[in-house]
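The values are calculated or read from the model by the stated rules, or taken from the named source; none is laboratory data. Keep in mind that this is a model prediction, so the values were computed, not measured. Because the Cβ atoms are built from the backbone with ideal geometry, glycine has one as well, and the counts that use them run over all protein chains shown. The protein model used for the area step is the full one, side chains on, heavy atoms only, and it has no ligands, DNA or RNA in it. Shrake-Rupley method; radii C 1.70, N 1.55, O 1.52, S 1.80 Å.
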Amino acid sequence: MMPTFLLRNISMLARTEAQAPNYLFKTIQRKLYNRSTEHDSPEPCGIASMMKLPIQSSSKGLDACFVGVPLDIGVSNRTGARFGPRQIRVESVLVHEVNHGTGAAPFDSLQVADIGDVPINLYHLPKACEGIRAAYSKIVENGCKPLSMGGDHTITYPILQAIKGKYGPVGLVHVDAHADMSDSMLGEKIYHGSTFRRCAEEGLIDCKRVAQIGLRGSGHGLADYTLGRQMGFRCVQIEECWFKSLVPLMKEVQAQMGNGPVYISFDIDGVDPGFAPGTGTPEIAGLTSIQALEIIRGCRGLNIVGTDLVEVSPPYDKAGTTAILAANLLFEMLCVLPRVKYR
């Protein structure tokens, strides 16, 4: 408990005792984010929280939070995404508080912290999903917007179950090499390739407000694409993205999403493996890192209620390039949340 004399002193500055803990938190947060100019916190020093943000155990008092979901028992190919949140945090120390490209300064207006990882049952996928759903129900109940670090793409299913409980069905901007619309694998209905089929079946997403971008590769048939289109999805195959800016596409996506709540789910394998080799199911001829930025920046102005960045598998990228890209994309997601100020 905070000492009485300290509480009173802080209260004189914050006007009321009720505001005092929040004021103290803001003071600490501002101090942390002066490191780039004061040189008092070199990148290799300190605890590697996301962007060296304050760490707390819940979303209480937060507008947005970074949270890790170290699950990879839903994959069909290479594992290792359970180490994604940790590596993304390590590489995020290179990401600072102002976006030079857009002028976004999210910490000028939002209270943000790293709330650690969701406890995961790595031996039972349905139980793991139930734990994720329960954890996110608590995270979002006060309106905090989670920016999640996977973990494989299975995690989006229970996250969206919790999101629906708060906001109802959401629009979806889904960046991926794969549609993740399979029905099952070896008889199992829950895995990273069935995520959005389950979400559609349960009414977690508004199918008329779904855009899947970057789809490509080979498969056993075209059912993944045709089913989504029959449900109302806009499925943008990679051939529609080659050699061009995606700014015009994102204007169309903005119109499709409208004013309703929107969730962004970004599978790192949507990006070409030349930029992001550390992933479980890489596909050639993907999006560039520049196009990835255009997609996320093109979401500015939408009513975004949560985001995730999934499928980073550090064991397949010893240089950390994939995690560096992921950390920057998560920052870009933070920058397009509602109420972010621009300088």
Antiparallel as a % of all DSSP beta bridges within the chain, to the nearest 5? 10 percent
Quick one: with all protein chains in place, what share of the accessible area of segment 193-343 is carbon or sulfur, to the nearest percent (1.4 Å probe)? 56 percent
In the neighbourhood of Arg197 defined by beta carbon distances under 12 Å, the net charge of the other residues (Lys, Arg +1; Asp, Glu -1) is -3
Which order, highest average first, do 278-287, 137-146, 182-191, 229-238 follow once you tally other Cβ atoms within 10 Å for each residue and take the mean per peptide? 278-287, 137-146, 229-238, 182-191
Based on the inverse mean of 1/r over its pairs of different Cα atoms, what is the Kirkwood hydrodynamic radius of segment 39-198, in Å? 16.8 Å
Place a +1 charge on the Cβ of each Lys and Arg in the chain and a -1 charge on the Cβ of each Asp and Glu, then give the dipole magnitude about the Cα centre in debye, rounded to the nearest 20. 1100 debye
For segment 96-136, the spread of Cα positions along each principal axis, largest first, Å: 44, 19, 13
Need one word for segment 183-292: rounded, prolate or oblate. Basis is the Cα gyration tensor (sqrt eigenvalues a ≥ b ≥ c); a/c below 1.5 gives rounded, then a/b vs b/c decides. oblate
Label-point separation (nm) for Ser218 and Thr79, each offset 7 Å from Cα along Cα-to-Cβ? 2.7 nm
Provide the gained length on full extension for the span Met231 to Leu94, in nm with one decimal, where the gain is 0.36 nm per separating residue minus the Cα-Cα distance. 45.2 nm
Please report Rg over Rh for segment 134-179, where both radii come from the alpha carbon positions and Rh follows the Kirkwood definition. 0.96
DSSP bridge orientation in segment 198-343 - percent antiparallel, rounded to nearest 5: 10 percent
Compute the relative contact order of segment 132-280 as a whole-number percentage, counting only Cα pairs closer than 8 Å that sit 6 or more residues apart in sequence. 27 percent
Checked against the positive end of the charge dipole of the chain (+1 on Cβ of Lys and Arg, -1 on Cβ of Asp and Glu, about the Cα centre), the farthest of Pro54, Leu227, His178 is Pro54
Under the Debye formula (equal points on every Cα, no solvent term), log10 I(q)/I(0) of the chain at q = 0.09, 0.10, 0.11 Å⁻¹: -0.45, -0.56, -0.68
Assuming R0 = 56 Å, what is the FRET efficiency of Asn142 and Met185, from their Cβ-Cβ distance, to the nearest 0.05? 0.95
Quick check: the distance between the Cα centres of segment 59-128 and segment 197-218, to the nearest angstrom? 22 Å
Please compute the per residue accessible area over the chain with all protein chains in place, 1.4 Å probe, rounded to a whole number of Å². 44 Å²
5 Å-binned pair-distance histogram of segment 181-234 (Cα, whole percent): 4, 19, 30, 28, 15, 4, 0
Find the percent of Cα-Cα distances in segment 244-343 that exceed 18 Å, and round it to a whole number. 48 percent
Cβ-based net charge around Ile238, under 10 Å, with every Lys or Arg adding one and every Asp or Glu removing one: -3
Quick one: compute the contact order of segment 226-343, relative version, from alpha carbon pairs under 8 angstrom and 6+ residues apart, as a percent. 28 percent
Which translational diffusion coefficient, to the nearest whole µm²/s, is obtained for segment 92-162 from the Stokes-Einstein equation, given a Kirkwood hydrodynamic radius over C-alpha pairs, 10 °C and 1.306 mPa s? 113 µm²/s
I want the local charge near Ser313. Using Cβ-Cβ distances under 11 Å, sum +1 for each Lys or Arg and -1 for each Asp or Glu among the other residues. -3
